[in-house]
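The values are calculated or read from the model by the stated rules, or taken from the named source; none is laboratory data. Predicted model, so just to flag it, every value in this text is computed and none were measured. Cβ placement follows ideal geometry from the backbone for every residue including glycine, while neighbour counts extend to all protein chains displayed. For accessibility, only protein heavy atoms count, side chains too; no ligands or nucleic acids. Shrake-Rupley method; radii C 1.70, N 1.55, O 1.52, S 1.80 Å.
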Amino acid sequence: MQFVRPRGKRSRIDSLQPNGACVCVCVRQLNSVGPAMVSLEEFRAYRSPLKDFYDGKYVLLTGGSGFVGKLLIEKLIKCNVAEILLILRRKKGLSPTERLEQLLGKEAVFVNYENDPQLYLSKIRLIEGDISEVGVGISNDDLAYIYERTNIIVHAAADVRFDESLKESIQTNVRGTQEMLKIAEKCRQLEIFTYISTAFSHCVLGVIEEKFYDPPLDPSVLIKASESENDADVFEQLSKKLIEPWPNTYAFTKSLSEEMVRRYKAKLPVAIIRPSIITTTMEDPIAGWTDNLYGFNGVVCGAATGVLRIFHIHMDYKASIVPADTVINATLAVTWYAASHREEDNVYNCTTDDNPVSWRETQHQLEHWKDRIPFDKSLWITTYNTTRYKLVADVLSILYHVLPALFFDALLQLGGQKPRVLKLYRKVHRFSAVLRFFTNNQWCFRTARMRRVLDAMAAGDQQYFPCDAKAIQWNSFLDHQIKGLRQYLMRDPWSTLERSVRRHRLRTFAHWCLLAVLYGGMLYLVVKVLHAYGYIDFTGLHESNLEECSS
């Protein structure tokens, strides 16, 4: 078997002894800290109904610049699609073409780009558009091309910010989905429309089935209300009442978006896939890759960098995390299956309930690496504390976050620098508040329909499209995750590892010295108070010692 040796200088940890006693870093031309997937040639040679379904197809993709979208682009190109019709908007002064060039050249997930740029450029047709606009802002010429060619639509675009205004969330997530369905309705060769939702779109329920649910409100009415400029202020003031009991605008608008898809079910072949908390890749196309700090990634990075030191979480609850490549491959499998089972309610939960892992188990595994591969870009050593009680978390956040932040900011000011640590912790606290709902509640996701798709796949598909949650080896995955977060997200090259370990040891020593001084001082104060109130009496202690010595 051949393995991909993609671009860029990467390094591998050849030997990591416990407690960081010996660290040998060997720089090699490798693309991953984990196992590489099979070569493009071997993948293209593989044959199965799932794989062949995509060969020569025209795929319209939204959200291609996002985390999930990038992985979809890489996998669809491997599948030898005829063309990816990629909808991209102008952003920060960059045209869609400039954004695509930047995207392909920067991200390690495009494993063959450096050696063969044309492989990607020949397969991607840019469609300038904006999912938040009416009609998606696509020109008439591009629409005509879409209507004539498109076989598959994968709608992955969404505003994933939990704290976004309700108006913006509705216009992007709900109206954007409606506009894409209107486009799909006019595609003459459409075989399937797949919408990537979230498992938490119905998080107000304890058990989430693989079916359509009645929406909390009529999405069409809310779209009209969000478009009304006269009532914009009133609309936002009512937003908290409107989304109750949903925890945020993201989950709320995703439930409305699913209703939009359901309404088109009689007109179009549709499918919905609901992944839970998406984290780094397991191995496809490289291990440990991600490009964002959302959700679980943010918690791990926050703890590893010494920034997040107290977190409100029920450690014995299931961690509803799922590797990103499991989601991508499941999406492609669901799309293939739903295209030939149009009569079914093609709603699928992509979760790890068949192979659960608790928050406590994830913490224990990740802690194995805290002294061996510390992050170079860190504030302090990893001192991650948890509690299931909100009041305790709030009090400890003052001790573990606010007071150290004031101390570090004072040092920065003394050095003539601008204070910034307290500002950082304001963001950390907002991030923690958003995640509380998901780390202190537990859900049961039914996966019988997803299991039906897995059973329909050919024997070799789990090698080329691995998406069975039962096959996840959690310890191995979490090992690759912490390495991947350091390398791909924090951009810490492995060449800095030895320096990071040395600094980590000095910080650990300083940390214990500070604790000794702090607790020693507290003990001294307690003894002094007890002595002052007569609970401890030292009178005669000195004389008794002298008498014992003389005798």
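Just check the chain against the gyration tensor rule for me: Cα atoms, a ≥ b ≥ c as the square roots of the eigenvalues, rounded for a/c under 1.5, and otherwise prolate or oblate depending on whether a/b exceeds b/c. Display every interim value, and only then the final one.
Numbers: a/c = 2.19, a/b = 1.67, b/c = 1.31.
Judged from the Cα gyration tensor, the chain comes out prolate (a/c at least 1.5, a/b above b/c).
Helix 541-550 versus the longest principal axis of the chain: what is the Cα-based angle in degrees, 0 to 90, to the nearest 10?
60
When only Cα pairs under 8 Å and 6 or more residues apart are kept, what is the percent relative contact order across the stretch 144-258?
That works out to 42 percent.
In terms of solvent-accessible area of protein heavy atoms at a 1.4 angstrom probe, what is the ranking of C187, C513, highest value first?
C513, C187
Could you calculate the contour length gain from R452 to H531, that is, 0.36 nm times the residue separation minus the distance between their Cα atoms, to one decimal place in nm?
Going from the current span to full extension adds 21.2 nm.
Roughly how many nanometres apart are two label points built 7 Å out from the Cα toward the Cβ at R499 and L518?
Calculated label separation equals 2.8 nm.
Mind giving me the FRET efficiency for D55 and N441? R0 is 45 Å, r the Cβ-Cβ distance, nearest 0.05 is fine.
0.60
Please figure out what share of the DSSP beta bridges in the chain is antiparallel and state it in percent, rounded to the nearest 5.
Of the beta bridges lying entirely in the chain, close to 20 percent run antiparallel.
Quote the relative contact order of the chain in percent (integer), defining contacts as alpha-carbon pairs under 8 Å separated by 6+ residues.
Relative contact order of the chain: 16 percent.
Order the peptides 108-119, 289-300, 414-425 from the highest to the lowest mean number of other Cβ atoms within 10 Å of their residues.
289-300, 108-119, 414-425
Taking a ≥ b ≥ c as the square roots of the Cα gyration tensor eigenvalues, with a/c under 1.5 meaning rounded and otherwise prolate when a/b beats b/c, else oblate, which class fits the stretch 162-277?
oblate
Any idea how far the Cα center of the stretch 199-214 sits from the one of the stretch 355-433, in Å?
One Cα centre to the other: 33 Å.
Could you sort L514, L71 by accessible area so the largest value comes first, with the probe set to 1.4 Å?
L514, L71
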